[in-house]
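Structure first, then comments.
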Amino acid sequence: MLQQVNGHSSGLDAHGGEALREDLQEFLGQEAPLHLLDDLTKVNPVTLETVLRCLQARYMADTFYTNAGCTLVALNPFKPVPQLYSPELMREYHTAPQPQKLKPHIFTVGEQTYRNVKSLIEPVNQSIVVSGESGAGKTWTSRCLMKFYAVVAASPTSSESHKVAERIEQRILNSNPIMEAFGNACTLRNNNSSRFGKFIQLQLNRAHQMTGAAVQTYLLEKTRVACQASSERNFHIFYQICKGASADQRLQWHLPEGAAFSWLPNPDRTLEEDCFEVTREAMLHLGIDTPTQNNIFKVLAGLLHLGNMLFADSEDEAQPCQLMDSAKCSLRTSASLLCLPEDPLLETLRIRTIRAGRQQQVFRKPCSRAECDTRRDCLAKLVYARLFDWLVSVINSSICTDPNSWTSFIGLLDVYGFESFPDNSLEQLCINYANEKLQQHFVAHYLRAQQEEYAVEGLEWSFVSYQDNQTCLDLIEGSPISICSLINEECRLNRPSSAAQLRTRIESALAGNPCLGHDKLSREPSFIVVHYAGPVRYLTAGLVEKNKDPVPPELTRLLQQSQDPLLKVLFPTDPEEKAQEEPSGQSRAPVLTVVSKFKASLEQLLQVLHSTTPHYIRCIKPNSQGQAQTFLREEVLGQLEACGLVETIHISAAGFPIRVSHRNFVERYALLRRLRPRAAPGPQSPSPNEGRSEWSPHTEETTLQPLLQDILHTLPTLTGAAATPGDPAEAMPAPVHCGRTKVFMTDSTLELLERRRARVLEQCARCIQGSWRRHRHRKQERQRRAAALIQAAIRSWLTRKHIQRLHTAATVIKRTWRKWRIRMAFLASEELDGVEEKHLFQAPHSPSSFQLPQAQTRLLGAIIRLWPLGLVLANAAVGERGFQRKLVVWACLRLPASSPSSCSVRTAQEQDGVTSIRALPQGSIKFHCRKSPLRYADICPEPSSYSVAGFNQILLERHRLGRV
């Protein structure tokens, strides 16, 4: 019974489908694991799930940069990684022959833009758009890019030009601390959030060396000076002067220790950005001397004291509001620091001047408490905005160069990301409007890149459709009626603006736009705009006033009366400007609103971007807590939607999200050729094993194409087989396009191919299982027969080997014994070579008469054979075992046991000398002079009775031995 096919059960559909998806995912991602994929377009299929899994796997592996087609995705590590931005790594990317083959990095984007400028690719100018929400790392990314360009684009040859380049590089880098101190603040999401947009233009000469730079800012959040959200802070510079000022400076600026300011919330919180000395040193490098710096900080201190001026409600509307007693000291201090007369300052804040009629009659009207607070805040915002613009102009004058000295530029756009809060106003509307415009530019550029890829593969572009955000842009900026036009019209009308009335006008005039919605449950008047990143609810209260950004003329005239040198520069007394501020009623120019200014600057920015080659860096914040190694998929998904990557993925899905190379396609789907109908078997019909036998990893393209076309020709058959009467759409041709190097298809086509492949594999599995069982049964039978034969052969072989070993051992023993016996006989004959045996040869003619008795003959043989053993035992020391030794000698000599007393054996200790039992001499004793072959035979014995004498001095008892 078939139990398992291709790793998944055929009986359980749910389990089989899950296993099929896992197998398919393994096939589509077989090139490399997710954390090794450097480009999100390489994941298969291109879905949000796979993109999130890939980003999470790379983030957990401390890989923070990933390509996404023409975009670089940068994940904030939330921990210092110094080796990731070292000068050595900058030079490595700069000197690499092909930096795009290195790991994804912001230096890759920087080097690519720099090489495009050097190679004069049209258009020559380059731009990098760095986007992302607050805390994602946009400021750090822009700072690192500026360092990279300062290093690689400042390589002069002469010493003088080298010093100039170093000075320019230092000034460009020193502009960052100043811009961050005056334009960044601590928010709920980021400790160093940029509250303005900036476009930095790095200028290069003909030798591609950096000669200067220029900074252009957009929409500074000046309302933060007088209004901060809960748990947020003001701009960094206010905290720097309060924490970093010396005792003399505190005395000069009236900033005592522990002083409380209403515009300085959370003063006890210390951040890395609260470094006053770094800001002052950067200002010195940019040409702002110490007196000017002190003047700037004195004005900022005056704004802090201005925020402590609180007014009380007036009992009579005809009388101006009175200043609270606790605020009188703040009034004097603020007027002193701003070099303004105290009484005109208080009068300007409490009384409004109105000019009416043709004669421009002046009317003075006391302001309410709310109006006094508004005018006070307006004064502070006006001074700070002018100061920020002046700093930008000083920076530009310090780092900018003559227009004739540079020929190309690289632009860095650090723009605020998409914002959506519970309460959104004009600032969020402008920010999201800018993101909509940049998203449209990004989509157009990405689609152009997609079109180029399809053109290279030989595919048509007309079949790819996508959702454009032009409808949302028409709602915001369209003509003749849009949200911006309605808000501007409300500003031009000489009447009080009503939040409910503005909401009604917007809903009635733009009701036909699908991107406009409204919240019926909201208690406050509002409208909803469905952006590409999601719907956002905007409150209409205060929208018109913020758009007007009214600056009462009396406030400007008051500041022009200041004796402070810096305020004189910021508010000059220009007769032409004065004439424009006081126009006649007939020739009043239209009011230039905040939306109009922002729209004009945004159009100018887009013109610059369209004239350059854009590059995109999307900064992503893995979590809102700022913790390292923490990846929250829900938050990341929202940011991917906000920065447009989700829309990019949808565009890819609208085309052909599944892209498989020819080789992988043939390897996986060659077996589908089995499903082709066969008319008759012949030489043209494919064999069952043809799909695998024809393909090899080294197949040439000429061999791939016929196989590929053969597989693609089976798709109509597969589609027709999959069609059902209730589902006619299934019978449509499968959307598959074969490019020059890849096969492009949709998800539905991939699903169809996988189902047919699973069917073929099921059939093959049945065949393989049956053949395997048959083969296994036959193999077991053969193994049983072979085992019986092997066992019999082994037993026979072991027996033969045993007999052979016994025979060999016996032969060795006999041979050794014969050798030893012959040697002993030879040694004995050598010892007795001089003995005369006359009694044995007296009658040679009668040999029988000379035969010895049988016992004597047996004893003589024993002596010859066993004399060494008997000699050793006979000369052993007498002791308790002496008797046992005599018995051993008796046994060795094989003497008859019946007459043990007939012979005696004496040891060397019983008499002087040595008694030998080796020979049986018949005559007298003869001393031999010949050298004995035995060892120690020629040694003269000692006179001691316990010494051993030589064998030539043998004392024999002839008569006693003769009786044996």
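The values are calculated or read from the model by the stated rules, or taken from the named source; none is laboratory data. Source: prediction; values computed, not measured. Cβ coordinates were reconstructed from backbone atoms using ideal geometry, including for glycine residues, and neighbour counts include every protein chain displayed.
A compact table of results
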item	result
Residue in the range 22-29 that is under 30 Å from I768 (Cα atoms), more than 23 Å from the chain's Cα centre (by Cα), exposed (fewer than 13 other Cβ atoms within 10 Å of the Cβ) and at pLDDT 60 or above present	yes
Residue tally, condition closer than 15 Å to R659 by Cβ and β-branched (V, I, T), over the range 734-790	5
Q228, sole failed condition from (1) modelled with pLDDT under 85; (2) under 27 Å from G137 (Cα atoms)	(1)
Any hit, the range 399-421, residues being part of a helix (DSSP H, G or I) and crowded, with 22+ Cβ neighbours inside 10 Å	yes
Yes/no for Y532 being closer than 30 Å to G655 by Cα and touching a helix residue (DSSP H, G or I) at 6+ places or on another chain (Cβ under 8 Å)	yes
Residue within the range 500-518 that is small (G, A, S), within 30 Å of I296 (Cβ to Cβ) and in contact (Cβ under 8 Å) with a residue 12 or more places away in the chain present	no
Count of residues meeting criterion [closer than 27 Å to Q470 by Cβ and without any contact (Cβ under 8 Å) to a residue 40 or more places away in the chain] in the range 482-499	4
Complete set of residues in the range 108-147 that are at pLDDT 90 or above and not polar (S, T, N, Q)	V109, G110, E111, Y114, I128, V129, V130, C144, L145
Output for the range 97-132, where each listed residue is in contact (Cβ under 8 Å) with a residue 60 or more places away in the chain and over 25 Å from L37 (Cα atoms)	Y114, N116, V117, K118, I121, P123, V124, N125, Q126, S127
Residue match in the range 429-440 (condition: more than 30 Å from L173 (Cα to Cα), out of contact with any strand residue (DSSP E or B) (no Cβ under 9 Å at 6 or more places or on another chain) and either assigned by TED's automatic domain parsing to the domain that holds R189 or not aromatic (F, W, Y) (or both))	yes
Check on C484, in contact with an Asp or Glu (Cβ under 7 Å, 6 or more places away or on another chain) and within 24 Å of L382 (Cβ to Cβ)	yes
Hits in the range 505-519 (condition: closer than 16 Å to E490 by Cα and surrounded by 13 or more Cβ atoms within 10 Å (Cβ to Cβ))	R505, I506, E507, A509, L510
